[in-house]
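Notes follow the structure.
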Amino acid sequence: MELTKRQSKILNCIVQEYVQTKEPISSKLLAKKYKFGIKAPTMRLEFQKLTDAGFLMQPHTSAGRIPTDSGYRFYVDTLEPKNENRGLNPIEKDIQDSFKFFQEMTKKMADLTSNLALSYFPDEDIFFKEGWDHLFKEPEFENTDIVSQFTKMVENMEKEIENFDDCDFPQIFIGKENPILEGKEFSVIISKIHISNKKDGVVALMGPKRMDYGKNVKIINSLTKQNVRKRK
């Protein structure tokens, strides 16, 4: 189904609202909050068309709608390019103490995104993971099975991390697109990072499909575009 301009805007607004509110989005709320120039009954029809086309789903009979993997993918593919560094404090630091630098960088990624941040640097042959506390406060992780699946996905990511050394720019894997075992309920944004005088590393943000893709990509881009130099 090729979406109309209005349907595209409606779908993207639903994704944005769901990321922020963590609750299914009703047609009444969207019609009231955004100026689409249509009334609630027409909005309900658009919701149904997007549901029939596989972009939305209704978790419960009386609930609003949430995005499907296809809905998230449409949203990601239509994100407008932005100034990646705007609004961010650059992560700039000597790398005399590589261990401390990499750990602080990973922690800052986690703090900025509330997702699990993972980094791997071959020169040190070490992984850093930060953000478990933030992540497990999200409603998706109230389910112990989801927690178990996510933990296994992270373990599998560590085993397969070298398969992603060709990601010269952020790659986004949503739900069923995720090539990592146990990752079908989650999303991953992953990219190489270059640090002067060091072998390229890999950084990733991992979390629920209801993540802030625009913000997360911007943060990873801010890392990959920095030139962190070792002080002589």
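Nothing in this text is a laboratory measurement; each read-out follows from the coordinates by a stated rule. Note that this is a predicted model, so its numbers are computed, not measured. Here the Cβ is made from the backbone with ideal geometry for all residues, glycine too, and neighbour counts use every protein chain on show.
One-quarter of the Cα convex hull surface for the stretch 98-224, in nm²?
6.9
Residues in the stretch 132-157, backbone N under 12 Å from the label point at Asn163 (7 Å along the Cα-to-beta-carbon vector): list them, ranges by number please.
Inside the label zone: 156-157.
How many angstrom lie between the C-alpha centres of the stretch 1-19 and the stretch 147-183?
Distance between centres, Cα-based: 27 Å.
Loop-only chymotrypsin sites (Phe, Trp or Tyr not before Pro) in the stretch 129-165, please: DSSP not H, G, I, E or B, and at most 14 other Cβ atoms within 10 Å.
When the chymotrypsin sites (Phe, Trp or Tyr not before Pro) of the stretch 129-165 are filtered for loop state and at most 14 Cβ neighbours within 10 Å, Phe136 remain.
Would you kindly state the longest site-free stretch of the chain, with sites defined as GluC sites (Glu not before Pro) in a DSSP loop (not H, G, I, E, B) surrounded by at most 16 other Cβ atoms within 10 Å?
The answer is 125-232.
If you add up the charges near Tyr34, with Lys and Arg at +1 and Asp and Glu at -1, over every other residue whose beta carbon is less than 11 angstrom from its beta carbon, what do you get?
+4
What does the helix-only formula give at 222 nm for the chain: each DSSP H stretch with n ≥ 4 adding -39500 (n - 2.57), the total divided by the residues, and the result rounded to the nearest 500 deg cm²/dmol?
It comes out at -12500 deg cm²/dmol, rounded to the nearest 500.
Which loop trypsin sites (Lys or Arg not before Pro) in the stretch 1-71, with loop taken from DSSP, have no more than 14 other Cβ atoms within 10 angstrom of their Cβ?
Those satisfying the criteria are Lys22, Lys35, Lys39.
Of the trypsin sites (Lys or Arg not before Pro) in the stretch 175-214, which ones lie in a loop per DSSP and count no more than 12 other C-beta atoms within 10 Å?
Lys199
Taking the square root of 5 times each eigenvalue of the Cα gyration tensor, what semi-axes in Å does the equivalent ellipsoid of the stretch 5-77 have, largest first?
Values for the stretch 5-77, descending: 16, 14, 12 Å.
For the chain, list log₁₀ I(q)/I(0) at each q in 0.08, 0.12, 0.18 Å⁻¹, using the Debye formula over Cα point scatterers of equal strength and ignoring solvent, two decimals each.
-0.33, -0.70, -1.31
Residue separation times 0.36 nm, minus the C-alpha to C-alpha distance between Lys35 and Phe141: what's the value?
34.8 nm is the gain from fully extending Lys35 to Phe141.
Which far-off residues, 5 or more places away or on another chain, put their amide H under 5 Å from the one on Ser187, with H placed in the peptide plane?
Gly175, Gly207, Lys209
With θ set to phi - 60° and the Karplus curve 6.51 cos²θ - 1.76 cosθ + 1.60, what are the ³J(HN,Hα) couplings of the stretch 213-219 in order, to the nearest whole Hz, using x for Gly and Pro?
Couplings: 4, x, 5, 5, 5, 4, 5 Hz.
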